[in-house]
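What follows is a single structure, written as structure tokens, with notes after it.
Since every read-out is calculated from the coordinates, none of them should be taken as a lab result. Bear in mind that the values here come from a model prediction, so they are computed numbers and not experimental data. Positions of Cβ are backbone-derived with ideal geometry, glycine not excepted, and every protein chain shown enters the neighbour counts.
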Amino acid sequence: MRRAYIAGNWKMNHTPSEAKKFASELKRALEENKIDCRVMVAPSFVDLPYVIEVLKDTEITVSAQNMANHTSGAYTGEVSPIMLKDIGVYTTILGHSERRMYYSETDEIINSKVRLALNEKMEVILCIGETLEERESGKLKEVLKRQIEKGLEGVKSDEMKAITLAYEPVWAIGTGKTASPEDADEAQGYARSVVESLYSKDIAENLIIQYGGSVKASNVKALMAKENVDGALVGGASLTIDQFLPIITFNK
Ligand code: PEP
């Protein structure tokens, strides 16, 4: 039985004072509503200590959006997993398509981050997903297979419990276009089968696979009703309580 896992990726939004205010609203909403799923938020690096302080007595996971592939040293502008853990962050998103696209993160770089995070006993949400061009040229499966195989290279079976996959078709991120629940289910079912072939049926069946790409209150239920959709990675609609609360209470 896979527990639903809804994550909010704040991207480069919310100043520390805005983040603190929003985290307090989220905390209050959690006290006033019954939430059946696991909830995570991923603020920017500078927001993290403030959000952790506000959410410390709650069950909300606070995650980084990215991390360096080194633990320390001469890497100007980078943030290491050791630094994250020191402030109480034990989860990170890796391989988001914006990192792949705008910061040239390759499957190899992403894999080195995945392995380092696991080595540091952190949890990872590994993002995968095709561009519109790749989908339209029939390369969906090829892309997902490559991203999973390369992203998880060297990851041992017993480390897979710290991995969540997020299937995020690039053409659906921040565009208002959502993959249909059927498309998401099909792609995620395929991703699960790749994990099964790399590991085992048991590991694949226990793996949480989130869908990401313009998830909102109006489509979350239909997406979550699908067999292979175990959660959501939400960008734009995770930034205000009015939009995020209906998503994290989708199963009420
Ligand atoms: C994301 O950032 O991972 C994302 C899916 O964004 P949005 O929900 O805004 O499409």
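Using 0.36 nm per residue, how much length does the chain from ARG3 to GLU133 gain when fully extended, once their Cα-Cα distance is taken away? Walk me through the numbers before you get to the answer.
Numbers: separation 130, 0.36 × 130 = 46.80 nm, distance 3.30 nm.
So the chain would gain 43.5 nm between ARG3 and GLU133.
Residue by residue, what Karplus-based ³J(HN,Hα) values in Hz, rounded to whole numbers, does the range 178-186 have, using 6.51, -1.76 and 1.60 with θ = phi - 60° and x for Gly and Pro?
10, 5, 5, x, 5, 5, 4, 4, 5
Hey, can you grab everything whose amide H is under 5 Å from the amide H of GLY8? Only 5+ residues off in sequence or another chain; H modelled, so Pro and N-termini drop out.
Correct list: MET40, VAL41, ALA42, VAL234.
Beta carbons within 10 angstrom, averaged per residue: use that to sort the peptides 142-149, 171-178, highest first. Display every interim value, and only then the final one.
On the way: 142-149: 18.1, 171-178: 16.2.
Peptide ranking by packing, descending: 142-149, 171-178.
Give, rounded to the nearest 20 debye, the magnitude of the charge dipole that the chain has about its Cα centre when Lys and Arg contribute +1 at Cβ and Asp and Glu contribute -1 at Cβ.
On the way: 31 positive and 37 negative charges, 60 e Å.
So the magnitude is around 280 debye.
What whole number of Å gives the distance from the Cα centroid of the range 1-40 to the Cα centroid of the range 146-220?
Distance between centres, Cα-based: 21 Å.
Under a 5 Å amide H to amide H cut-off, with H placed in plane at 1.01 Å, what residues pair with ALA166 once short-range neighbours are removed?
The answer is LEU126, CYS127, ILE128, GLN210.
Which lysines have a Cα less than 26 Å from the Cα of LYS221, not counting those fewer than 8 places away in the same chain?
LYS11, LYS27, LYS34, LYS141, LYS161, LYS177, LYS252
Put +1 on the Cβ of every Lys and Arg and -1 on every Asp and Glu Cβ in the chain; which of ILE173, SER104, VAL143 then has its Cα farthest towards the positive end of the dipole?
Farthest towards the positive end: ILE173.
May I have the convex hull volume per residue, in Å³, for the Cα set of the chain?
Working: hull volume 30.0 nm³, N = 252.
So the per-residue hull volume is 119 Å³.
Give me Rg/Rg_expected for the range 33-72, where Rg uses Cα atoms only and Rg_expected = 2.2 N^0.38 Å with N residues. Spell out each step's value before the answer.
Working: Rg = 12.2 Å, N = 40, 2.2 N^0.38 = 8.9 Å.
This ratio for the range 33-72 stands at 1.37.
How big is the dipole moment of the range 31-153 about its Cα centre under a simple scheme where the beta carbon of each Lys and Arg is +1, that of each Asp and Glu is -1, and everything else is neutral? Debye, nearest 20, please. Don't jump to the answer; show the numbers that get you there.
Details: 15 positive and 22 negative charges, 76 e Å.
Magnitude of the dipole: close to 360 debye.
Based on Cα positions only, what radius of gyration and what Dmax would you give for the range 94-223, in angstroms?
14.1, 39
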